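Derivation of every value follows stated rules applied to the coordinates shown; laboratory data play no part. A quick note: this is a predicted structure, and the numbers were derived from the prediction, not measured. Here Cβ is always computed from backbone atoms with ideal geometry, including for glycine, and neighbour counts include all displayed protein chains.
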Amino acid sequence: MPVSLPLLAPAAGCDCRRCPWYAGPDPADPAAVIAPLCSGSNADCSYCGCARAEARPGPGVGDVCRTCPVRCGSRTDIGAWMADVGGTLEFDDIDLGGGRLPAGLPRFIPQTDGSAVGALDTQLRWGAYGVGLRRVFSPDTAALYPRFVDRDVHDVLGLRPGQLAVLVGYGLDPLVEAFWTRRRTDRLVERIAAQGWDLVLAPNYSIFGNWPRSQHLLSMRMSLLIADEFVQAGMTTVPNLYWYRLEDLARWAAWVEDTAPPAVAINLQTVRQDSDWQTWVLPGLHWLAENLPPQLPVIITGLSRAARIDLAVDLFGPRLHLVSQNPHQFALHGAVMTAEGRQDLHARPVDAFTASVTYMASLLPEDRR
């Protein structure tokens, strides 16, 4: 009878001396290092001192893990989480199969709520429209909205022949976590594939500075796995890159070089503070611009300030695609995006939307509509 080996998992208490993923100097047991992915625990972690990590006895200590928002080696169910991601934190077993972005994808892709795309598009005849995951998958019921079930997305959105539908698979943590949990039992990926999306920007799983390093590694693995599941369902899919350290960027670049995905995506919708832009986003974008293959398309979601868009154009040039929901949000209030910022003109929604999309596209030279 074969002997089942214990499932590898991050060490309890973020103890690098006992962690199979530690890549730092002088590990306690060099033979235990399976894949050197991590340079050490996160000094900014707010969870490494929890009751479970410190092994303090007492009733209900283990139950705390069920309500904790992060996955660390001290969890009572860390083995189940490792099994759920394939028993590894590496990327080497995932290959999205290469491929290319759909023909005719414009450099600027307006993101809408999916309710009135045809009405907004009457003056533009734009090449592609994006719809966020929360408009397709309900955060309240953790199920697909009935209007999308068993229907072609182009019909649901009222698109014209040749216009592309892009699923922007980002959302708040409760939404993307629910999607992960329900995706297999409810066949969510296969059912979304049947809707006929032309491109999927795969859901991304968060990396916060005050989370343990094990959660960072799991989140990156989950983001790549979910992209692979969309590819296996027959969809052109772009993985989302998140990072916290330089070693994360290096891992992404090595994976891209080995597998040649059709593009990479970066979700910056949650970057609200200038400090995050300066200390995390900007250094990462500069590094990626220098180390990704020079012809690889880069799709960024969440940039709205002209200065930041200009910087992204300087870094990535004509391979940059931008996704933004600002033109649609402004149009609902009759406002227009301009070089001077938001202008409240009380314009008709269709006129405001047309002006904002045209302006944002003008920031991306050599538009390929």
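Could you work out the local net charge near Val350, counting Lys and Arg as +1, Asp and Glu as -1, over the other residues with Cβ closer than 13 Å to its Cβ? Result for the local shell: 0. Between the helical axis of 246-259 and the dominant principal axis of the chain, each derived from Cα atoms, what acute angle in degrees is found, rounded to the nearest 10? Orientation of helix 246-259: about 70 degrees from the principal axis. Working from Cα pairs under 8 Å separated by at least six residues, relative contact order for the chain is 17 percent. Extension gain for the segment Ala35 to Arg17, taken as residue separation times 0.36 nm less the Cα-Cα distance, is 5.1 nm to one decimal. Taking 0.36 nm per residue of separation and subtracting the current Cα-Cα distance, fully stretching the chain between Glu247 and Tyr359 would add 36.6 nm.
Of all DSSP-defined beta bridges confined to the chain, some 15% are antiparallel rather than parallel. Rounded to the nearest 0.05, the FRET efficiency derived from the C-beta distance between Arg100 and Gln343 at R0 = 35 Å is 0.40. Against the chain, whose longest principal axis comes from its Cα atoms, helix 282-291 is set at around 90 degrees. The slack in the chain from Asp351 to Arg187, taken as 0.36 nm per residue of separation less the alpha-carbon distance, amounts to 55.1 nm.
Spacing of the modelled spin labels on Thr67 and Asp155, each 7 Å from Cα toward Cβ, amounts to 4.6 nm.
Note on the chain: Kirkwood radius taken over Cα pairs, Stokes-Einstein applied at 20 °C and 1.002 mPa s, translational D equal to 98 µm² s⁻¹.
With respect to the chain, whose longest principal axis is taken over its alpha-carbon atoms, helix 349-362 is tilted by about 70°. Which residues among segment 100-119 fall inside the zone where the amide N is under 18 Å from a point 7 Å beyond the Cα of Asp140, along Cα→Cβ? From segment 100-119, the list is 113-115. Judged by the mean number of other Cβ atoms found within 10 Å, the most tightly packed of the peptides 328-340, 145-157 leads the ranking 328-340, 145-157. Our Cα-only numbers for segment 85-129 put the radius of gyration and Dmax at 17.6, 51 Å. Per-residue ellipticity at 222 nm, computed for the chain from helices alone with -39500 (n - 2.57) per DSSP H run of at least four residues, works out to -8500 deg cm²/dmol. Ordering Asp121, Asp344, Asp95, Asp84 from the fewest to the most neighbouring beta carbons within 10 Å gives Asp344, Asp95, Asp84, Asp121.
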